[in-house]
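What follows is a set of notes on a single structure, which appears directly below.
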Amino acid sequence: MAINITYFVHGTTTDNEKEISSGWFDVGLSELGVKQSIDLKDKIRDKKFAVVFCSDLKRAFDSAKLTFEGETPIIQDKRLRECNYGKYNAQPSAIVEPLQEKCIAERFPEGESYEDVKARIADFLGFLKRNYDGKSVAIVAHKAPQLALDVLLKGKTWEQAFAKDWRKTKSWKPGWEYILD
């Protein structure tokens, strides 16, 4: 049986508002991010999930709580973290973003590569298949895990995933659908 995955990105953070790429830096939601997470409840009220998984970083966990607490069990999982930009964590996006597409196979200094993120997400998907087959689950996390899902489940190359990323096309929506067979 298939697992239906709905992927949500965390709300806007104080770093996002300052054009900082957080990576593993544990930044909180901004006032806008809190509002976005609360407003998401109404946008998805007809969706039901067996469980919500989220990154263990504060911005994702807080977003998950604001949207799902009291409705659906929430489980933090560090495999859903953003890419570790190493010495570039919490640095200006103007510096970090051009490096992202160069760090698909090569690691950020003192950090990880997007292939490392893909390995984490593949491990997480194996866990889902063993434990949640036939269920609908939600994930609240970050850019890199979402791009890894595009590569793993939609057959995109990393270059295609980066090129079609909703952040570049300004095409946010209240959840992206994936199917894990």
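All of the numbers you see were taken from the coordinates with simple rules; none came from a lab. Keep in mind the model is a prediction, meaning the values are calculated, not measured. No Cβ is skipped: glycine too gets one built from the backbone with ideal geometry, and neighbour counts run over all protein chains shown.
Structure note, pairs LYS35/LYS87; LYS48/LYS170; LYS78/LYS170; LYS47/LYS102; LYS41/LYS135: Cα-Cα distances above 29 angstrom occur for LYS35/LYS87; LYS47/LYS102.
With the dipole of the chain worked out from charges on the C-beta (+1 for Lys and Arg, -1 for Asp and Glu) around the Cα centre, which of LEU153, VAL117, VAL34 lies farthest toward the positive end? Farthest towards the positive end: LEU153.
Net charge near GLY28, counting Lys/Arg +1 and Asp/Glu -1 over other residues with Cβ under 13 Å of its Cβ?
On the way: positive: LYS18, LYS58, ARG59, LYS65; negative: ASP15, GLU17, ASP26, GLU31, ASP62.
It works out to a net charge of -1.
So how far apart, in nm, are the two label points at ASP46 and GLU17 if each is 7 Å from Cα heading toward Cβ? According to this spin-label approximation, the distance is 3.3 nm. Between the range 2-81 and the range 85-150, the alpha-carbon centres lie 15 Å apart.
With a cut-off of at most 15 other beta carbons within 10 Å, and DSSP calling the residue loop, which trypsin sites (Lys or Arg not before Pro) in the range 1-86 qualify? Please list them.
Numbers: sites: LYS18, LYS35, LYS41, LYS43, ARG45, LYS47, LYS48, LYS58, ARG59, LYS65, LYS78, ARG79, ARG81; in loops: LYS18, ARG45, LYS47, LYS48, ARG81.
Filter output for the range 1-86: LYS18, ARG45, LYS47, LYS48.
Pairs of Cα atoms under 8 Å, at least six residues apart: use those to get the relative contact order of the chain, whole percent. Kindly include the intermediate steps, with their values, before the conclusion.
On the way: 342 pairs, mean separation 61.2, N = 181.
The normalised contact order for the chain reaches 34 percent.
Across q = 0.16 Å⁻¹, the chain modelled as identical point scatterers on its alpha-carbon atoms has Debye log10 I(q)/I(0) values of -0.96, in the order of the q list.
As a proxy for reagent exposure, ranking GLU97, GLU31 by other Cβ atoms within 10 Å from fewest up yields GLU31, GLU97.
Note on ARG107 and ASP77: their simple-model spin labels are 2.3 nm apart, each label 7 Å out from Cα toward Cβ. Apply the a/c threshold of 1.5 to the C-alpha gyration tensor of the range 24-65 and tell me whether it is rounded, prolate or oblate. Oblate, because a/c is 1.5 or more while a/b does not exceed b/c.
Of the residues TYR85, THR72, ALA144, the one whose Cα sits farthest toward the positive end of the charge dipole of the range 3-180, with +1 on the Cβ of Lys and Arg and -1 on the Cβ of Asp and Glu, is THR72.
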